[in-house]
Each structure stands twice: as structure tokens, then as C-alpha cells.
Amino acid sequence: MIGLDQKIRQLSDSLDHEMREQTSHWSDEGVCKFYLGGLCPFGLFADTNADIGRCRGIHSVVLKAKYEASKEYGTMGYEESLISFLNAIVRANDKRVLRAFENLPYFVIDLKDPLEQISYKNILKDISEIVKATKAKGQTDWEENNNALQELAKLSNSIKKCTRDPVTDVCLTCGAFTVRNDPEIESSTSLGGREHDGFLVVRQKVRNMNVKSM
């Protein structure tokens, strides 16, 4: 239950936000430029392990519309600053994904079918090789990193197909461990969580912005 003090703070923040919005121009210092550029990521990860803090800037649909209608739209560097920040978030999360895949062999289990066991271990071996190669290159290029993750995604999908037994896998979106072939556990681990959804939004925005810049 929200306490009285917290309600007062929320009301105060809301009133303060409205007053600042009414007296602001989109270029003012207090206006969130990430929001104007297309996405403010701060609220996406609130109260998660990936929390990056709180945005104190103004998020105004009106000011955003005025910015997009102005002749300065796309020339202020807001979009460039945004993609740079989002890429930093993605790169940090990519490292988490790679670390998770690196640790995946520790979760290896004995499958019921011997042939499935062989396929399963071969897939884990291929995953380890991709992780080692990616880390050795120290890739910072978005496209190259994305290609490595796409290869891991194919192998991750192969894990699910090679057996009907529940096996530990890695979520390519957020880097969390999940369990494949067990609908109840799989749906309750990574998918649907705020952190997962936040990285999903960020990754999609990065893809869209990179396509537009080509």
C-alpha cells in the first residue's frame, strides 16, 4: 500500500512536471532529449537488476510534436545521442548474454535418449566456440555482434528441438536463464518480466534507428 508521504511526493512531482511543461520550449534544458529523439529508456528498467536510474526531464507529447514539426527536427543531435546511449545499453546486455551462454555448460543434464544427448552436447560445444570467438574479437560493431547473437539464437532453437526433456537455455533478449520444453517454467522465468520487456523495446528501437540511418 502506498503511504501518505509517497502519495504527497507523487502529487508534488506531477504538479511540478505540469508547471514545467507549460513554461517550456522543446529545446529547454529541462526537457528530456532522449524522449524527443524517440525513446527515453530510463523508466523501462525501474526496480530491476538493470535499473539505470530515473529521468527527471519533461516528457511531453506536445513538446515532442512541436519539435518534430520544427525545421530543426533531426538536426539537433538528439537522435544521435539516443542511438549512442541505446547502443551502450545493448552492448552491455550483449556481454551479459555471452556470459550466460559461456556458463550454459554448467547446466548440462543427462537426457533420456542417448542420441539426443550427443546432439545436445554438440550444440553446447558449438555455442562455446561462438562465444570464445566473439569475446576474442572484442566486437563493438552492432551488425557483427548481432550476427553472432543470431547464430546463438539458431543454436538455442536447436536445443529446444533436439529433445523433449526440459533443458536450461539463455534468453537472447535479456540474458536470463530459462528452461525450454517446460511451458510452465519457461513462461514464468524471463518472458513477460519488466527487465526482459525493457531490453526488447531497446533492441527493437536500435534496429529501427540503424535501418533508418542506412
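The values are calculated or read from the model by the stated rules, or taken from the named source; none is laboratory data. A quick note: this is a predicted structure, and the numbers were derived from the prediction, not measured. Don't worry about glycine lacking a Cβ; one is built from the backbone with ideal geometry, like all the others, and counts go over all protein chains shown.
Tell me, please, whether a residue that is surrounded by 14 or more Cβ atoms within 10 Å (Cβ to Cβ), over 30 Å from residue 37 (Cα atoms) and modelled with pLDDT of 90 or more can be found in the stretch 153-168.
There is at least one residue in the stretch 153-168 that is surrounded by 14 or more Cβ atoms within 10 Å (Cβ to Cβ), over 30 Å from residue 37 (Cα atoms) and modelled with pLDDT of 90 or more.
Tally up the residues in the stretch 105-128 that are assigned to a helix (DSSP H, G or I), out of contact with any strand residue (DSSP E or B) (no Cβ under 6 Å at 6 or more places or on another chain) and within 29 Å of residue 195 (Cα to Cα), please.
9
Conditions first: (1) more than 16 Å from residue 194 (Cβ to Cβ); (2) in contact with a Cys (Cβ under 9 Å, 6 or more places away or on another chain). Residue 37 passes all but one, so which condition is the exception?
(2)
Can you pull out the residues in the stretch 49-80 that are assigned to a loop (DSSP other than H, G, I, E, B) and either touching a residue at least 60 places away in the same chain (Cβ under 8 Å) or surrounded by 13 or more Cβ atoms within 10 Å (Cβ to Cβ) (or both)?
Scanning the stretch 49-80 gives 49, 50, 51, 52, 55, 57, 59, 60, 70, 73, 74, 76.
Can you tell me how many residues in the stretch 91-103 are surrounded by 21 or more Cβ atoms within 10 Å (Cβ to Cβ) and touching a helix residue (DSSP H, G or I) at 6+ places or on another chain (Cβ under 6 Å)?
Counting residues in the stretch 91-103 that are surrounded by 21 or more Cβ atoms within 10 Å (Cβ to Cβ) and touching a helix residue (DSSP H, G or I) at 6+ places or on another chain (Cβ under 6 Å) gives 3.
One line per residue, one yes/no per condition, for (1) under 27 Å from the mean Cα position of the chain (by Cα); (2) modelled with pLDDT of 90 or more; (3) of a type outside the set (Val, Ile, Thr):
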residue: 62; (1), (2), (3): no, yes, no
residue: 65; (1), (2), (3): yes, yes, yes
residue: 78; (1), (2), (3): yes, yes, yes
residue: 82; (1), (2), (3): yes, yes, yes
residue: 104; (1), (2), (3): yes, no, yes
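Taking the stretch 176-210 as the search range and keeping residues that are crowded, with 18+ Cβ neighbours inside 10 Å and assigned to a loop (DSSP other than H, G, I, E, B), which one is modelled with the highest pLDDT?
Result: 176.
Do you know which residues across the stretch 112-124 are surrounded by fewer than 12 Cβ atoms within 10 Å (Cβ to Cβ) and without any contact (Cβ under 8 Å) to a residue 12 or more places away in the chain?
Listed by number, the residues that qualify are 114, 115.
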